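**Student:** Dumping the structure here so I can ask a few things about it.
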Amino acid sequence: MVKLITELGKKPTDVARDIGVTPTTIRRWVTEYSLHGEDAFPGKGNLRPLDAEQKRLEKEIRDLKEENAILKK
């Protein structure tokens, strides 16, 4: 849908009407695509690579804090 707008020059309102969503949704998709490219829509239940890395690092920090708390006791 995004490529219909970015590459073929269709209007967001026309694309939105064709697929049954609001034009605001289409504009948001275009914005996400322009910011993140192909990684903008990783699929249901998946994270973009940078988000996955951040989540992994946050978990590592939590684990290390917990280990430090145990060692202090």
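**Student:** Using a probe radius of 1.4 Å on heavy atoms only, what accessible surface per residue do you get for the chain? Whole Å² is fine.
**Tutor:** On a per-residue basis, 84 Å².
**Student:** Please give, to one decimal in nm, the separation of the simple spin-label points placed at residue 46 and residue 28, each 7 Å out from Cα toward the Cβ.
**Tutor:** 2.1
**Student:** Tell me the net charge near residue 15. Cut-off is 14 Å between Cβ atoms, residue 15 excluded, with +1 for each Lys or Arg and -1 for each Asp or Glu.
**Tutor:** So the surrounding residues net to +3.
**Student:** Extension gain residue 54-residue 68, at 0.36 nm per residue separation less the Cα-Cα distance, in nm?
**Tutor:** This chain segment gains 2.9 nm when fully extended.
**Student:** Restricting attention to the stretch 9-44, which trypsin sites (Lys or Arg not before Pro) occupy a DSSP loop and are surrounded by at most 11 other Cβ atoms within 10 Å?
**Tutor:** Those that pass, being in a loop and sparsely packed, are 44.
**Student:** Are there any GluC sites (Glu not before Pro) in the chain that are in a DSSP loop and have at most 10 other Cβ atoms within 10 Å? List them by number.
**Tutor:** 7
**Student:** From the helices alone, meaning DSSP H stretches of at least four residues, give me the mean residue ellipticity at 222 nm for the chain, per-run term -39500 (n - 2.57), in deg cm²/dmol to the nearest 500.
**Tutor:** Per the formula, -22000 deg cm²/dmol.
**Student:** Okay, moving on. For residue 10, which sequence-distant residues (separation of 5 or more, or a different chain) have an amide H within less than 5 Å of its own amide H, given hydrogens modelled in the peptide plane?
**Tutor:** So residue 10 has HN proximity to 5.
**Student:** For Cα Rg over 2.2 N^0.38 Å, one of (i) 1.00; (ii) 1.76; (iii) 1.60 was computed from the structure I shared and the rest are decoys. Which label?
**Tutor:** Derived directly from the coordinates: (ii).
**Student:** While we're here: Quick one: with all protein chains in place, what share of the accessible area of the chain is carbon or sulfur, to the nearest percent (1.4 Å probe)?
**Tutor:** Of the solvent-accessible surface of the chain, carbon and sulfur hold 55 percent.
**Student:** Can I ask one more? In degrees, nearest 10, range 0 to 90: what is the angle between the Cα axis of helix 23-36 and the longest Cα principal axis of the chain?
**Tutor:** Roughly 50 degrees between the two axes.
The values are calculated or read from the model by the stated rules, or taken from the named source; none is laboratory data. All figures in this text were calculated on a predicted structure; none of them were measured in a lab. Positions of Cβ are generated from backbone atoms using ideal geometry, with glycine treated the same way; all protein chains shown enter the neighbour counts. We work out accessible area using only protein heavy atoms, side chains counted, and drop any ligands, DNA or RNA first. Shrake-Rupley method; radii C 1.70, N 1.55, O 1.52, S 1.80 Å.
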